[in-house]
Each structure stands twice: as C-alpha cells, then as structure tokens.
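Please read the structure below before turning to the comments.
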C-alpha cells in the first residue's frame with residue numbers, strides 16, 4: 001500500500017504529491033489519508049497528512065467554487081484571527097511560490113495545521129461544553145470585527161456599524177422560488193424515484209409547502225432591521241466545532257465566511273448543538289452575551305433565522321438530491337442529517 005492509504009486513485013495520489021511538494025522541505029508526508037467527513041457536504045475534499053513534524057490538513061476546494069480572491073481574503077482573515085490569539089483557528093501555510101493557494105489539476109488547494117479534538121458535543125453534551133462553544137464563537141466574532149481587509153477582500157470581509165443582514169434578502173429570494181408549481185413538480189420526481197430517502201424527502205417537501213408563506217412574512221418583517229455587520233462564519237454547526245474534553249480546540253471549515261450578522265451564526269450553531277430546547281437556548285445566549293453583548297435588534301433576528309434556516313436546509317437537500325442529482329459517499333450520514341432536519345422542522349414550523 002502506498003502512503004496514500006485507503007485511496008488508490010493514481011490521479012488523486014499524483015495531485016496530492018505535487019501539491020505537498022510545493023511546501024517542502026517543511027512538509028514531508030509519511031502518510032496521506034482521505035477524510036471526506038471533515039469536508040462535510042460542501043464538496044471539498046480533505047486529506048490528513050501525517051509527518052514527523054506534525055499533522056496537516058490538505059484541502060481541495062470544490063470546482064467550480066469560490067473566486068480565488070475570496071479564498072485569499074479568507075486566509076487574510078484567518079491570519080488576523082491567529083494574531084488575535086485564537087488558538088482554535090487553522091491558518092493555511094504559504095507555499096514555495098509565496099501564496100497560500102496552490103493551483104493543480106484544475107483545482108485550488110491549501111495546506112493547514114491539523115487541529116486536535118473531535119466533534120463530540122452531541123455524544124457528550126454538558127453545560128461546560130456549551131459555554132465553551134459560545135465563548136469561542138463570541139471571541140471569534142469580536143476578533144473578526146477588528147479585521148481590516150485589503151484589496152478585493154473588502155468585497156466579502158468588510159465591517160459596517162449598522163446595515164441590513166444579507167441573509168434576509170437571500171432567504172426571501174429562495175422562498176419566492178418555492179412556488180406551488182415547483183413543489184408539485186418535485187413531488188412527482190421524488191415519488192417516482194427509487195431512493196431510500198424518498199418518503200422522508202416527501203415529508204420534508206410537504207412541511208416546506210405548508211410553512212413557506214409564514215416564513216416569507218417573517219422575513220419581510222425584518223427588512224428594516226439594522227445590525228452590526230462583519231465577517232461571520234455563516235455555516236458554523238456541530239461538526240465544525242472540535243472539543244478536547246471541555247475545551248474548544250478547533251473551529252474548522254470557515255469556507256462560507258463573509259460579512260453578515262452574528263445572529264446568523266448563533267441561530268445555526270445553537271440549533272445544531274441543542275436542537276430547540278428553550279432552557280438550553282437561554283443558557284447559550286446568556287453565555288455569548290457575557291462575552292459579546294447582543295442588541296435588541298440582533299436578538300430579534302435569531303429565532304426567525306433559526307426557523308427559516310431549518311426550512312431552507314430541507315429545501316437545499318431536496319434540491320441537491322433530486323434537481324442537481326448530487327451523489328454522496330455516505331448515504332447513512334445524509335439520511336441522519338435529513339432526519340434531524342425533518343424533526344426540527346416539525347418542532348419549529
């Protein structure tokens with residue numbers, strides 16, 4: 001077996017070897033292990049690179065994907081966060097050509113230190129862990145608000161003291177596309193499929209159909225709300241938060257990061273950690289507020305973002321599976337995720 005354990009693809013092996021050679025002599029791999037689970041559902045590919053000098057994460061960005069300028073701006077932000085003493089943030093390394101992005105095989109690649117810990121909150125939940133998660137997110141936000149982007153990075157990572165959250169207009173745009181005709185068309189497609197996820201998908205689609213109009217009214221009621229805007233993660237959830245005992249030792253995959261309201265991150269993370277248990281939400285927001293006070297306007301966004309975010313997560317999965325016809329290596333993981341979404345949709349909506 002080659003050092004590319006569990007991955008016999010000559011194309012992948014050769015590409016990884018070429019990319020890693022761009023970081024030599026600092027990174028000499030002993031073993032390279034593909035880890036799709038750390039890539040989540042974004043389409044990115046992740047390899048764990050084991051070396052005598054420590055472990056690294058090699059990431060191949062999805063293609064097509066984000067503009068290189070946006071990724072490099074994100075790298076600027078991560079460098080800033082590390083200078084702000086956030087030890088749970090991984091900063092991409094610089095290659096032999098002086099850049100943190102490497103072009104190979106038509107894709108963009110980056111290499112960063114492997115962060116310790118595991119995404120284990122649900123397996124071992126506790127008040128101490130919930131507090132650690134909220135403190136880490138608050139510290140991330142406070143540091144991100146002080147970031148001064150350069151050049152094209154200002155397009156995605158600038159800060160404003162008060163503005164409209166872009167999530168409002170973006171979610172309204174998607175909700176307005178979920179017409180009765182489109183839902184009916186999807187029902188026919190799903191019903192005729194042989195997917196083991198068919199029945200659950202139909203239940204999700206029916207829940208979306210029933211909740212769509214009220215979700216639009218809720219989002220429209222927030223259009224005049226003004227809140228502080230700065231770099232936020234936008235897709236921070238359970239599997240991106242790594243624990244070592246009760247400490248946060250990794251906050252991974254910031255690929256969706258750009259300017260937004262902290263309400264987006266809070267609704268996404270708290271819901272993924274504890275579901276919709278009221279006392280847990282109160283404790284989580286109280287701990288976050290202790291580090292970074294929340295305004296009344298920010299608080300008004302959080303419950304609406306929680307409900308609409310859950311609804312649109314269901315729509316995203318329906319679209320991926322039956323419109324874009326994406327394939328996923330672990331169908332069990334997909335089924336578990338969709339069951340979770342359906343359960344939360346029924347509770348919230």
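Inspect region 294-302 for any residue being without any contact (Cβ under 8 Å) to a residue 12 or more places away in the chain and part of a helix (DSSP H, G or I) and give the result as yes or no.
yes
Could you give every pair whose Cβ atoms fall below 7 Å, whose first residue belongs to region 234-245 and is on the phi > 0 side of the Ramachandran plot, and whose second residue is buried (at least 19 other Cβ atoms within 10 Å of the Cβ) and part of a loop (DSSP other than H, G, I, E, B), counting only separations of at least 6 or pairs across chains?
234/257
From 298, 286, which residue is surrounded by fewer than 17 Cβ atoms within 10 Å (Cβ to Cβ) and within 22 Å of residue 143 (Cα to Cα)?
286
Test residue 264 against the stated conditions and say whether it is assigned to a helix (DSSP H, G or I) and in contact with a strand residue (DSSP E or B) (Cβ under 6 Å, 6 or more places away or on another chain).
Taking the combined requirement at face value, the residue satisfies it.
Can you list the helices (runs of 4 or more DSSP H) lying wholly within region 130-225 that have 3 or more residues being in the same structural domain as residue 242 (by TED's automatic domain parsing) and out of contact with any helix residue (DSSP H, G or I) (no Cβ under 7 Å at 6 or more places or on another chain)?
The helices (runs of 4 or more DSSP H) meeting that bar are 166-177, 180-191, 198-220.
Please find, among 287, 277, the residue that is more than 22 Å from residue 174 (Cβ to Cβ) and in contact with a helix residue (DSSP H, G or I) (Cβ under 9 Å, 6 or more places away or on another chain).
Exactly one of 287, 277 is more than 22 Å from residue 174 (Cβ to Cβ) and in contact with a helix residue (DSSP H, G or I) (Cβ under 9 Å, 6 or more places away or on another chain), namely 287.
If I ask for residues that are over 17 Å from the mean Cα position of the chain (by Cα) and either assigned to a helix (DSSP H, G or I) or over 23 Å from residue 327 (Cβ atoms) (or both), which ones from region 49-65 would you list?
Of everything in region 49-65, those that are over 17 Å from the mean Cα position of the chain (by Cα) and either assigned to a helix (DSSP H, G or I) or over 23 Å from residue 327 (Cβ atoms) (or both) turn out to be 49, 50, 51, 52, 53, 54, 55, 56.
Looking only at residues in region 313-349 that are in contact with a helix residue (DSSP H, G or I) (Cβ under 6 Å, 6 or more places away or on another chain) and more than 20 Å from residue 199 (Cβ to Cβ), which one is surrounded by the fewest Cβ atoms within 10 Å (Cβ to Cβ)?
The residue in question is 329.
For region 23-44, what are the residues that are at pLDDT 55 or above, out of contact with any helix residue (DSSP H, G or I) (no Cβ under 8 Å at 6 or more places or on another chain) and not in a loop (DSSP other than H, G, I, E, B)?
Once the filter is applied, which keeps residues that are at pLDDT 55 or above, out of contact with any helix residue (DSSP H, G or I) (no Cβ under 8 Å at 6 or more places or on another chain) and not in a loop (DSSP other than H, G, I, E, B), region 23-44 yields 30, 31, 33, 36.
For region 89-123, give me each residue that is in contact with a strand residue (DSSP E or B) (Cβ under 8 Å, 6 or more places away or on another chain), touching a residue at least 40 places away in the same chain (Cβ under 8 Å) and in a loop (DSSP other than H, G, I, E, B).
Those that are in contact with a strand residue (DSSP E or B) (Cβ under 8 Å, 6 or more places away or on another chain), touching a residue at least 40 places away in the same chain (Cβ under 8 Å) and in a loop (DSSP other than H, G, I, E, B): 89, 90, 93, 95, 114, 115, 116, 117, 119, 120, 121.
Could you please find all residues in region 66-85 being part of a loop (DSSP other than H, G, I, E, B) and either free of Cβ contacts under 8 Å to residues at least 60 places away in the same chain or buried (at least 20 other Cβ atoms within 10 Å of the Cβ) (or both)?
67, 85
Quick one: would you say residue 106 is loosely packed, with under 14 Cβ neighbours inside 10 Å, assigned by TED's automatic domain parsing to the domain that holds residue 249 and more than 21 Å from residue 312 (Cβ to Cβ)?
So residue 106 does not fit the description; no.
From the list 276, 253, 265, exactly one residue is over 27 Å from residue 349 (Cα atoms) and outside the structural domain of residue 73 (by TED's automatic domain parsing). Which is it?
The conditions single out 253.
The values are calculated or read from the model by the stated rules, or taken from the named source; none is laboratory data. Note that this is a predicted model, so its numbers are computed, not measured. We place every Cβ from the backbone using ideal geometry, glycine too, and count neighbours over all the protein chains shown.
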